[in-house]
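> Starting off with a structure, shown below.
The numbers here are math on the coordinates, done by the rules we state, and not lab data. What you are looking at is a predicted structure, and each value in this text was computed from that prediction instead of being measured. Glycine gets a Cβ as well: all are built from the backbone with ideal geometry, and neighbour counts include every protein chain shown.
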Amino acid sequence: MIHPDTELRFVNDHIGYGVFATRHIPQGTITWARDDLDQSFSPEEIAAMAPAYRQILDKYSFVDGFGHHVLCWDHSRYFNHSCDANCLSAGYDFEIAIRDIRCGEELTDDYGTLNLRESFRCACASPRCRLQIFPDDMERFADHWDSLVRGVFQHIAAVPQPLWPFVRDQDRIAEALREPARVLSIRRNYAPLSFVPDCNAPRVSATALAS
Ligand SMILES: [Zn+2]
């Protein structure tokens with residue numbers, strides 16, 4: 001479920017729609033939580049689908065840590081990618097604002113955290129754009145993403161959390177709020193395919209990202 005202070009807006013013909021803040025959303029806010037109305041499909045179920053359904057899932061779903069495609073029921077399925085995303089997934093079933101999000105700003109996450117099944121060329125215009133986003137980006141950037149999440153995790157208890165009733169793993173989150181070392185790594189949600197990288201494609205190192 002997407003944060004209630006958001007709405008769907010048309011961006012442009014190339015990008016299509018995106019999710020935008022209708023109020024200021026402070027860092028540490030849970031901006032999306034997986035809920036019981038989101039649909040989940042196993043690889044076997046998808047293989048049995050007609051191509052038209054698979055195309056819809058390719059465009060609108062993400063892959064969870066079990067390798068299942070998750071199709072969100074609300075406008076969270078229109079989250080766009082940015083290499084400088086303001087929301088990130090942690091080792092839980094939620095996304096968190098890693099910095100303050102202004103009213104009117106687009107909410108973005110990093111598709112590199114979402115178990116891509118194919119790479120794609122990125123033109124997000126961020127100075128930190130990785131140019132090509134790969135299915136195995138988690139193997140290079142998980143530490144960087146974890147550090148960003150850990151930097152705001154303690155704010156969870158200090159800011160309004162309208163999605164809290166839908167958040168799973170509440171006990172584990174409470175543990176991590178008491179003991180910051182217990183914040184779960186985003187690697188918990190990694191479901192790699194056997195992936196053969198294209199050696200000619202440009203790659204950005206984690207060191208360059210952190211600079
Ligand atoms: Zn980019």
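> Using only alpha carbon pairs under 8 Å that are at least six residues apart, calculate the relative contact order of the range 70-199 and give it in whole percent.
Relative contact order of the range 70-199: 28 percent.
> Between ASP58 and ARG178, what is the FRET efficiency for a Förster distance of 41 Å, r being their Cβ-Cβ separation, to the nearest 0.05?
E(calc), rounded to 0.05, equals 0.50.
> Can you list which of the DSSP-assigned H helices in the chain have a Cα extent of 20 Å or more along the long axis and an average Kyte-Doolittle score of at least -0.5?
138-153
> With a 10 Å cut-off between alpha carbons and a GNM built on the chain, which of GLU175, GLU106, GLU44 moves the most?
GLU44
> Please give me the summed charge of the neighbours of ARG172: other residues whose Cβ is under 13 Å from its Cβ, Lys and Arg +1, Asp and Glu -1.
Net of charged neighbours comes to -1.
> What relative contact order, as a whole-number percentage, does the range 1-130 give when Cα pairs under 8 Å and 6 or more residues apart are counted?
Contact order relative to length: 31 percent.
> Given the options CYS87, CYS124, CYS72, state which has the largest fluctuation in a GNM of the chain using a 10 Å cut-off (strictly under) for Cα springs.
Per the Cα network of the chain with a 10 Å cutoff, CYS124 tops the list.
> Kindly identify the chain as rounded, prolate or oblate by the Cα gyration tensor criterion: order the square roots of the eigenvalues as a ≥ b ≥ c, call it rounded if a/c is under 1.5, otherwise compare a/b with b/c, prolate if a/b is larger, else oblate.
rounded
> In nanometres, what is the gap between the two model label sites at SER185 and TRP164, each 7 Å from Cα along Cα-to-Cβ?
Distance between label points: 3.0 nm.
> Quick one: if the Förster radius is 35 Å, what FRET efficiency do LEU37 and ARG150 give, using the C-beta to C-beta distance and rounding to 0.05?
0.75
> Label points 7 Å out from Cα along the Cβ direction at ALA50 and GLU105: separation in nm?
4.3 nm
> Say each of PHE66 and ALA157 gets a label point 7 Å from the Cα, pointing the same way as Cα to Cβ; how far apart are those two points in nm?
That separation, rounded to one decimal, is 3.1 nm.
> With a 10 Å cut-off between alpha carbons and a GNM built on the chain, which of TYR53, TYR92, TYR78 moves the most?
Judging by the Gaussian network model, the answer is TYR53.
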